[in-house]
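The values are calculated or read from the model by the stated rules, or taken from the named source; none is laboratory data. Note that the coordinates shown come from a computational prediction; the quantities given were computed from them, not determined experimentally. Because the Cβ atoms are built from the backbone with ideal geometry, glycine has one as well, and the counts that use them run over all protein chains shown. Calculation scope for accessible area: heavy atoms of the full protein, side chains included, ligands and nucleic acids excluded. Shrake-Rupley method; radii C 1.70, N 1.55, O 1.52, S 1.80 Å.
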Amino acid sequence: MNAGGGEQRQLGGALLAFKNPSPKGPPSARLPPASLLQSWGDMDGLQEEVALLATVTLFGVLLQAYFSWQVITARRKFKVSPPATSGPPEFERVFRAQANCTEYFPLFLAVLWVAGIFFHQGVAAACGLLYLGARYRYFHGYAGSAQGRLAPLYFGARVLWLLVGLSALGLAFHFLPVSLKTLIPRRLRGWL
């Protein structure tokens, strides 16, 4: 307990002070303590380091929502009530396209973030946008015909494997001894 009748707790580097709830007192007494606001301000650097990844993640979530909406629309159009997953071929293609995109989404998110944190945020985000564009084309290609999905499927798979490779490369570099971490960039600059 502190002198103001509240409680103090240590959280990471911030000392949090909680006041006892009281409807009386000035509005400033109900604001978060300055130490908590300071720790939020310290997150600006972290936010900059992941802002592109977070943006691509949000685009991916919105794209998944769009795919789900397309299935709802196809259910209404072709009169296929849940939980049924079979109907006219046109419905089944839309349903499978959405299901396939959903199945790969967790893999995509994992390698997007690992590549972005351990390799390079900008490169990973660009690859992420390419992958999402390929998934959009895949969805609409598959909705049109089973053959229409192939070119975007192969392109998206290549981008996903690129993200896997960038993730592995970034992690490998992270776990290298410090002496090798300084030697490798010097050698690369010498070759270039």
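Some points to look at:
- Within segment 113-192, helices (runs of 4 or more DSSP H) holding 3 or more residues that are out of contact with any Ser or Thr (no Cβ under 7 Å at 6 or more places or on another chain) and among the aromatic types (F, W, Y): 121-144, 150-175
- Entry remark, segment 155-187: residues being of a type outside the set (D, E, K, R), open to solvent by 70 Å² or more (accessible area, probe 1.4 Å) and closer than 21 Å to A124 by Cα number 7 in total.
- Restricting attention to segment 63-94, the residues being farther than 20 Å from Y131 by Cα, hydroxyl-bearing (S, T, Y) and either in a helix (DSSP H, G or I) or open to solvent by less than 50 Å² (accessible area, probe 1.4 Å) (or both) number 1.
- Condition met for Y104 (assigned to a helix (DSSP H, G or I), among the aromatic types (F, W, Y), in contact (Cβ under 8 Å) with a residue 24 or more places away in the chain and open to solvent by 30 Å² or more (accessible area, probe 1.4 Å)): yes
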